[in-house]
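Asks: I have a structure I would like to understand better, so I am pasting it below and will then ask my questions one at a time.
The values are calculated or read from the model by the stated rules, or taken from the named source; none is laboratory data. These numbers come from a predicted model, not from an experiment. All Cβ positions, glycine included, derive from the backbone under ideal geometry; neighbour counts span all protein chains shown. The protein model used for the area step is the full one, side chains on, heavy atoms only, and it has no ligands, DNA or RNA in it. Shrake-Rupley method; radii C 1.70, N 1.55, O 1.52, S 1.80 Å.
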Amino acid sequence: MVDHGHGADVADVRDGWFVRAAGRIGDLGSPFYDEEHQRDVWNEASAVGFQLLLWLLPVAAVVSMWVGGATALPYALVMFFASGLTSWVVITFAAARGVDMGAAEGITVLRWRLLAYLVLVAAFCAGVVRAMPEGSSGRGTAWGLLAGSVLGIAAVAWSHRRSRRPERPSASS
């Protein structure tokens, strides 16, 4: 979507409000993006910074929970939700522009990232369980999330292991 103030172009009409808003927020109509090398390098640099932020926020949330205890819970949740919302916006924007992250071949790295993220969720939930007083609803919720994240870790690991196995010849062959 490149529009240098010359009115709405075809992309503006085709794209929904979400893509138009994201384009405005990202200043995608800037003349800076006209030069291909600049645009590519900036996009790669943004991807590196984005990935760093996506990992630092949950790690900071886990550390906050373990160090700060129950009083850190609201702030730690904001960190987790901020990284989750950011990921959702990126994936939704890509999907709105016709890119399906799940369809890419050889993207097993996504499974490992999901596994690492689930480990962070489990560590976070364990910190919540440790910090919440016995019998509180927060503690029960944290136990449920902890169990769910452990099951999620097991499911991702099992799925990865299963996808790496060579296919067995069928009995009818």
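Asks: Quick one: is TRP42 within 30 Å of GLY140 (Cβ to Cβ), over 12 Å from the mean Cα position of the chain (by Cα) and in a helix (DSSP H, G or I)?
Replies: No, not satisfied.
Asks: Please go through the range 52-73 and give me each residue that is open to solvent by 60 Å² or more (accessible area, probe 1.4 Å) and within 16 Å of the chain's Cα centre (by Cα), ordered by number.
Replies: LEU52, LEU53, TRP55, LEU56, VAL59
Asks: In the range 99-138, which residues are among the charged types (D, E, K, R), at pLDDT 75 or above and within 13 Å of the chain's Cα centre (by Cα)?
Replies: ARG113
Asks: Answer with yes or no whether ALA76 is surrounded by 13 or more Cβ atoms within 10 Å (Cβ to Cβ), modelled with pLDDT under 85 and part of a helix (DSSP H, G or I).
Replies: no
Asks: What pairs can you find where one residue is in the range 2-31 and assigned to a loop (DSSP other than H, G, I, E, B) and open to solvent by 70 Å² or more (accessible area, probe 1.4 Å), the other is at pLDDT 50 or above and not basic (Lys, Arg), and their Cβ atoms are less than 7 Å apart, with a gap of 6+ or different chains?
Replies: VAL2/GLY29; VAL2/TYR33; HIS4/GLY29; HIS4/PRO31
Asks: ALA82 is checked against (1) hydrophobic (A, V, I, L, M, F, W, C); (2) modelled with pLDDT of 85 or more; (3) over 20 Å from ALA47 (Cα atoms); (4) open to solvent by less than 70 Å² (accessible area, probe 1.4 Å) and fails just one. What number does that condition carry?
Replies: Of the numbered conditions (1) hydrophobic (A, V, I, L, M, F, W, C); (2) modelled with pLDDT of 85 or more; (3) over 20 Å from ALA47 (Cα atoms); (4) open to solvent by less than 70 Å² (accessible area, probe 1.4 Å), the odd one out for ALA82 is (3).
Asks: Condition (residue is in a helix (DSSP H, G or I), out of contact with any His (no Cβ under 8 Å at 6 or more places or on another chain) and either open to solvent by 80 Å² or more (accessible area, probe 1.4 Å) or modelled with pLDDT of 80 or more (or both)) applied to the range 165-173: is it met by at least one residue?
Replies: So far as the range 165-173 goes, no, none of its residues is in a helix (DSSP H, G or I), out of contact with any His (no Cβ under 8 Å at 6 or more places or on another chain) and either open to solvent by 80 Å² or more (accessible area, probe 1.4 Å) or modelled with pLDDT of 80 or more (or both).
Asks: Specify the residue that is surrounded by the fewest Cβ atoms within 10 Å (Cβ to Cβ); the eligible residues are those in the range 109-140 that are of a type in the set (Val, Ile, Thr) and touching a residue at least 60 places away in the same chain (Cβ under 8 Å).
Replies: Going through the qualifying residues, I end up with VAL121.
Asks: If you go through the range 85-98, how many residues are outside any helix (DSSP H, G or I) and open to solvent by less than 90 Å² (accessible area, probe 1.4 Å)?
Replies: Residues flagged as outside any helix (DSSP H, G or I) and open to solvent by less than 90 Å² (accessible area, probe 1.4 Å) within the range 85-98 amount to 1.
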